[in-house]
Amino acid sequence: MIRNVTRNIVIANQCNICGNVFSRAIGLMFARKLTPTVLAFSREVKASIHTFFVRHYLDVLFLNDQWEVVEMVQGLAPKKFYSPRHKAMFVVELPEGAIAKSKTKLGDVVNIS
């Protein structure tokens, strides 16, 4: 479950957690159905992402080691590359519209369980 603790709103009821190099590299590539996905790192990094071989538009949250939203992208189109300005420990890939629907803002705390 992905929950915006600050606003007490569930962003996603289920998610896939990618905690190793291979699963993070694959992420949502080739997925027919978009399941919210969390790319988890062992330390904060500037985690660039791409949507090559991803069929869906995405909303993306970048969370620091305190689970705070430090950066977000709405409506990232397929076949695009995004390089964040901030380091993150977690990158949360969501269906397009999830950020607006949950009213998530910079600085909100997001919990993943």
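The values are calculated or read from the model by the stated rules, or taken from the named source; none is laboratory data. Values in this document were obtained by computation on a predicted structure and should not be read as measured data. All Cβ positions, even for glycine, are placed from backbone atoms using ideal geometry, and neighbour counts span all protein chains on display. Surface areas here come from the heavy atoms of the whole protein model, side chains and all, with no ligands, DNA or RNA. Shrake-Rupley method; radii C 1.70, N 1.55, O 1.52, S 1.80 Å.
Okay, here's what the table says:
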| item | result |
| --- | --- |
| Within the stretch 58-72, tally of residues that are open to solvent by 20 Å² or more (accessible area, probe 1.4 Å) and either part of a strand (DSSP E or B) or among the acidic types (Asp, Glu) (or both) | 4 |
| Residue under evaluation PHE52, criteria (1) in contact with a strand residue (DSSP E or B) (Cβ under 7 Å, 6 or more places away or on another chain); (2) farther than 18 Å from CYS15 by Cα, criterion not met | (1) |
| Boolean, ALA40 is open to solvent by 40 Å² or more (accessible area, probe 1.4 Å) and either free of Cβ contacts under 8 Å to residues at least 12 places away in the same chain or not in a loop (DSSP other than H, G, I, E, B) (or both) | no |
| Only listed residue being touching a Ser or Thr at 6+ places or on another chain (Cβ under 8 Å) and over 15 Å from SER102 (Cα atoms), chosen from GLY19, GLY27 | GLY27 |
| Residue that is most open to solvent (accessible area, probe 1.4 Å), among those in the stretch 87-113 that are in a strand (DSSP E or B) and farther than 21 Å from LYS33 by Cα | ASN111 |
| Of the criteria (1) closer than 15 Å to PRO95 by Cα; (2) within 14 Å of the chain's Cα centre (by Cα), which one ALA31 fails | (2) |
| Single match in SER113, SER102 (criterion: of a type outside the set (Phe, Trp, Tyr) and at pLDDT below 95) | SER113 |
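Every residue, every condition in (1) touching a residue at least 12 places away in the same chain (Cβ under 8 Å); (2) open to solvent by less than 30 Å² (accessible area, probe 1.4 Å); (3) assigned to a strand (DSSP E or B), yes or no:
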site: LEU28; (1), (2), (3): yes, yes, no
site: ALA31; (1), (2), (3): yes, yes, no
site: HIS56; (1), (2), (3): yes, no, no
site: GLY75; (1), (2), (3): yes, yes, yes
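Every residue, every condition in (1) at pLDDT 95 or above; (2) over 11 Å from the mean Cα position of the chain (by Cα), yes or no:
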{"residue": "ASN8", "(1), (2)": "yes, yes"}
{"residue": "GLN14", "(1), (2)": "yes, yes"}
{"residue": "SER23", "(1), (2)": "no, yes"}
{"residue": "GLY27", "(1), (2)": "no, no"}
{"residue": "GLU44", "(1), (2)": "yes, yes"}
{"residue": "PHE52", "(1), (2)": "no, yes"}
{"residue": "LEU58", "(1), (2)": "yes, no"}
